[in-house]
1. By counting other Cβ atoms within 10 Å of each Cβ, how are His181, His259 ranked from fewest to most?
2. Under the 0.36 nm per residue contour assumption, what length would be gained going from the current alpha-carbon distance of Thr288 and Asn170 to full extension?
3. By how many degrees, between 0 and 90 and to the nearest 10, does the Cα long axis of helix 137-148 differ from the longest principal axis of the chain?
4. Under a point spin-label approximation (7 Å from Cα along Cα-to-Cβ), what is the Ser196-Ser32 distance to one decimal in nm?
5. In the chain, with Lys and Arg counted as +1 and Asp and Glu as -1 at Cβ, which of these residues, Ser248, Val79, Met27, has the Cα nearest the positive end of the dipole, that is, farthest along it?
6. Give me the mean projected area, in nm² to one decimal, of the convex hull enclosing the Cα positions of the range 300-366.
7. Round to the nearest 10 and give me the degree value, 0 to 90, for the angle of helix 108-122's Cα axis relative to the longest principal axis of the chain.
8. When the Debye formula is applied to the Cα atoms of the chain, each taken as the same point scatterer, what base-10 log of I(q)/I(0) results at q = 0.10, 0.13 Å⁻¹?
Amino acid sequence: MKQFITALLAAILTFSLSAQLTQHSIMVGTVSRNYYKYLPANYQTSENLPVVFILHGLGGNAQQMTLAGFNLIADTARVIAIYPDALPNIFGQTAWNNGTLASSAADDITFFNLMINEMLNNQNANASRIYVTGFSMGGIMSHHLACALNDRFAAIGPMAGTMPTDDIANCVPSYATPVIHLHGTADGTVPYNSNSLPSLSLVPETMNFWRNVHGCAATADSTQMPNTASDGITVDRFVYNTCSPSGSVELWRLNGADHIYLYEPVNDITEAKEIWRFFYKWQHPNPTLSTQPLVKDYSFSISPNPSSGKWKITADSDETFMLFNLNGTLLETLILKEGVNDFSFDLPSGVYLLKNEFGYSERLVISKF
C-alpha cells in the first residue's frame with residue numbers, strides 16, 4: 001500500500017480534486033459509514049449515468065483513491081465516481097469484509113447496497129451500468145462483490161488484488177461478471193504466481209475461476225502495449241478466447257511491477273483509463289433495482305475543519321443536530337436552519353461527532369494549539 005500512496009501523491013500534478021467532490025455518510029444499522037461522491041462537470045439530474053465504485057487498500061482511505069484519475073474520467077465520459085471508506089479490522093487497519101484473514105467485521109454488503117440505492121434514487125443512476133474497481137484489498141473486495149452482489153455490478157476491475165480462496169470455493173454467480181484484472185509480476189504484497197498469502201489465491205487461480213465462469217479457453221490473444229516510459233516495466237494484455245460473451249475476461253500483466261498503481265507519463269498506461277475502456281462495453285442484463293422509496297439526501301457540510309471551535313455548517317433543510325464525544329455521550333442539541341449557520345463550542349481539543357436527525361454524521365476536530 002505504501003508504494004501506491006507514493007504513486008498517488010505524485011499523480012496530484014495530473015489529477016486534481018474539484019469542488020464537485022463531496023463527502024457523505026449513510027447509516028448501516030447503527031453504524032455511520034462515509035463515502036465521497038464525484039459528479040461530472042455540468043451534471044444534470046436528467047442524465048442517466050453509470051457509476052464506478054473505487055475502493056482503497058488495506059490501511060488506506062477513500063481520499064487517496066480520489067487521486068487515481070477517475071474524476072477526470074467522470075468529467076469526460078459522464079460517470080459518477082464513488083469512493084467509500086472501509087472500517088478498521090482487529091489490527092486497527094481499515095479493511096473490507098471480504099472473507100480474508102485481514103477482513104473487518106463490517107456489514108459491507110449492506111453498505112454497498114445502500115450506496116447503490118442512493119445513486120439510483122437521488123442521482124438517477126443507470127442500474128445496468130454499476131461497476132467496481134479497487135487497488136490491493138480494494139481489488140480483492142471487487143472480486144468479492146462480484147459474488148456477493150452479483151445482481152448489481154455489471155463488471156469489475158481489480159488492481160493488484162486476487163480472489164479470496166473462500167470465494168473461489170463457494171462463488172456460483174448467476175450472471176457471468178466481465179472481469180479485467182491488472183497485476184504486477186513482481187508484486188511483493190499480493191503475489192502474482194507463487195508464495196500465496198493465506199486466504200488469497202494467486203493470479204492464475206483467479207483468472208482460471210473467471211475463465212470457467214465464462215467458458216473461456218485456457219489460451220488468450222496477447223498484445224504487448226507500447227513501451228513508452230523508462231520505468232523498467234512492460235505491459236502485456238491477454239484477452240481470453242471463446243469466452244461468453246466474447247472479450248469478457250482480460251488479464252493485464254504488468255511485467256516487473258511491484259505493488260504499485262501505473263499512470264502516465266511515468267508508466268506506459270494509466271490503469272484507470274484501461275479499466276473504464278473495459279467497463280464501458282458492459283451492461284448488466286437484469287440488475288436489481290432499488291426497493292427504497294425516493295428520499296432526500298440529508299447530508300451537510302462543515303467548514304473549517306479542524307478549527308479552534310467555531311464553524312459554519314451548511315444544512316440542506318431545517319434540521320436538529322446532536323453533538324457527541326467519541327464515547328457516545330450527547331453533549332449538545334442544536335436546531336439549525338436551511339443554509340449557512342454559524343456556531344461554536346467551548347470544548348477541549350479533540351474529535352467529536354455531529355449527527356443530524358436523519359443519521360448523517362461528520363467528525364469535528366477542535367484544535368486550540
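1. His259, His181
2. Taking Thr288 through Asn170 to full extension adds about 40.3 nm, to one decimal.
3. So the helix axis and the longest Cα principal axis differ by about 80 degrees.
4. Using points 7 Å along Cα→Cβ, the separation is 4.1 nm.
5. So the residue we want is Val79.
6. Projected area, direction-averaged: 3.8 nm².
7. Its long axis makes an angle of about 70 degrees.
8. Listed by q, the Debye log ratios stand at -0.64, -1.04.
Laboratory data are not the source of any read-out in this text; all were calculated from the coordinates shown. Just so you know, these numbers come straight off a predicted model, no measurement behind them. Note: ideal-geometry Cβ built from the backbone for every residue, glycine included; neighbour counts use all protein chains shown.
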